[in-house]
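Below: one structure, written as structure tokens.
The values are calculated or read from the model by the stated rules, or taken from the named source; none is laboratory data. Just so you know, these numbers come straight off a predicted model, no measurement behind them. Glycine also receives a Cβ, built like all others from the backbone with ideal geometry; neighbour counts cover every protein chain displayed.
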Amino acid sequence: MRMPEILPKPIFLYSSWLFCFPCRTKVLAHNELTCVLHRTAGLYSTPNDLSRIAQSILSHSLLTEAETNVWLKPVVFTSSPANAVGAPWEIFLPTNLAHSPRITEIYTKEGAISGYGAFFAVVPEFNIGITINAAGDDASIVARYLLDLVVQDFIPKLDDLARKQAAAKYAGQYLDDAGNPALVLAVDDGPGLKIAEWKSNGVSVVESWATLTGQDPAAAEARAYPVGEGERWQVSLTLKTPIPLFEKACEEWTRISSFWYKGLPADEFDFLVEDEVVVGLQVPGLRQDLAKSN
């Protein structure tokens, strides 16, 4: 059975089969083994078709973005922090690929029969898909080595590119109605956008938040992270604690929308974009409308 016959929105997978593929096909050597295995949830495919599947996942052409995010979530964690298990994903969570020591989520699906090995992977953070098909002795091991080589080489480069693009688009000064700098955003080796300076009515917002949460205002640091459509970003104070259980935890994500004023979030940035260029931002809770300086 060809894949276009069962997909709700066909993506032109003309070289993929759920069961035995036709004898004329040169994808694999046709033999009894391939037909015996056709009930084991396998898929016979080509690099071209696997690339189409990756593109459909990343572009949300088959599932909505919300449905895709739910589908990618782990079903269970393993005894190792380096991987998790999804349905149907084998999820790897390396922490050594980006500049800052953070997780890069790699969603993979491995496939193999005697003499052949394959890996399919998507990395939503960088909007890329990876397809690997290998044949010959130890093909499955070769496919694993190739996947490792690809991510070790490409992910750091993509992380560098993402930082350069973010710096060009978002970094800089944002001015209040009087033309005074009220906010300065920067890109460094840390996650998200670093808030180098932020004032409201002449008062440091970050230092005020630190005081409210019992942190040292002089050592306070805040960052902004993209969290939704429409250029909505979450602002979080980087919490530092000597308590071992919480020392390495990313507690910023458990304190979303912690600061409100008159019914609106004060820890949210809504960037204003015209022709793909950021021209300003709004802070709903603080009633700030800031223009990006040229």
Quick one: which of Ser236, Ser204, Ser293 is surrounded by fewer than 17 Cβ atoms within 10 Å (Cβ to Cβ) and closer than 30 Å to Leu161 by Cα? Ser293
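For region 144-173, how many residues meet the condition of being surrounded by 15 or more Cβ atoms within 10 Å (Cβ to Cβ), assigned to a helix (DSSP H, G or I) and of a type outside the set (Val, Ile, Thr)?
The first filter runs over region 144-173 and keeps only residues surrounded by 15 or more Cβ atoms within 10 Å (Cβ to Cβ), leaving 144, 146-147, 150-151, 154-156, 158-159, 162-163, 166-167, 169-173.
Narrowing further to those that are assigned to a helix (DSSP H, G or I): 144, 146-147, 150-151, 154-156, 158-159, 162-163, 166-167, 169-170.
Add one more test, that the residue is of a type outside the set (Val, Ile, Thr), and what stays is 144, 146-147, 154, 156, 158-159, 162-163, 166-167, 169-170.
Residues that pass the stated criteria total 13.
I'd like the full set of residues that are within 24 Å of Arg163 (Cβ to Cβ) and either in contact with a helix residue (DSSP H, G or I) (Cβ under 7 Å, 6 or more places away or on another chain) or outside any loop (DSSP other than H, G, I, E, B) (or both), limited to region 183-201.
Of everything in region 183-201, those that are within 24 Å of Arg163 (Cβ to Cβ) and either in contact with a helix residue (DSSP H, G or I) (Cβ under 7 Å, 6 or more places away or on another chain) or outside any loop (DSSP other than H, G, I, E, B) (or both) turn out to be Leu183, Val184, Leu185, Ala186, Val187, Leu193, Lys194, Ile195, Ala196, Glu197, Trp198.
Which one is modelled with the highest pLDDT, of the residues in region 89-107 that are among the β-branched types (Val, Ile, Thr) and touching a Leu at 6+ places or on another chain (Cβ under 7 Å)? Before you say what the answer is, go through the steps one by one.
Initial filter on region 89-107 (among the β-branched types (Val, Ile, Thr)): 91, 95, 103-104, 106.
Narrowing the set further to residues that are touching a Leu at 6+ places or on another chain (Cβ under 7 Å) leaves 103-104.
Numbers: Ile103: 91, Thr104: 94.
Restricting to residues being among the β-branched types (Val, Ile, Thr) and touching a Leu at 6+ places or on another chain (Cβ under 7 Å), the top hit is Thr104.
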What strands (runs of 3 or more DSSP E), lying completely within region 35-138, carry at least 2 residues that are hydroxyl-bearing (Ser, Thr, Tyr) and touching a strand residue (DSSP E or B) at 6+ places or on another chain (Cβ under 7 Å)? 106-113
Just to be sure I understand, how many residues within region 103-128 are of a type in the set (Ser, Thr, Tyr) and either on the phi > 0 side of the Ramachandran plot or without any contact (Cβ under 8 Å) to a residue 40 or more places away in the chain (or both)? 2
Counted residues, region 202-260 - those being within 28 Å of the chain's Cα centre (by Cα) and of a type in the set (Val, Ile, Thr): 7
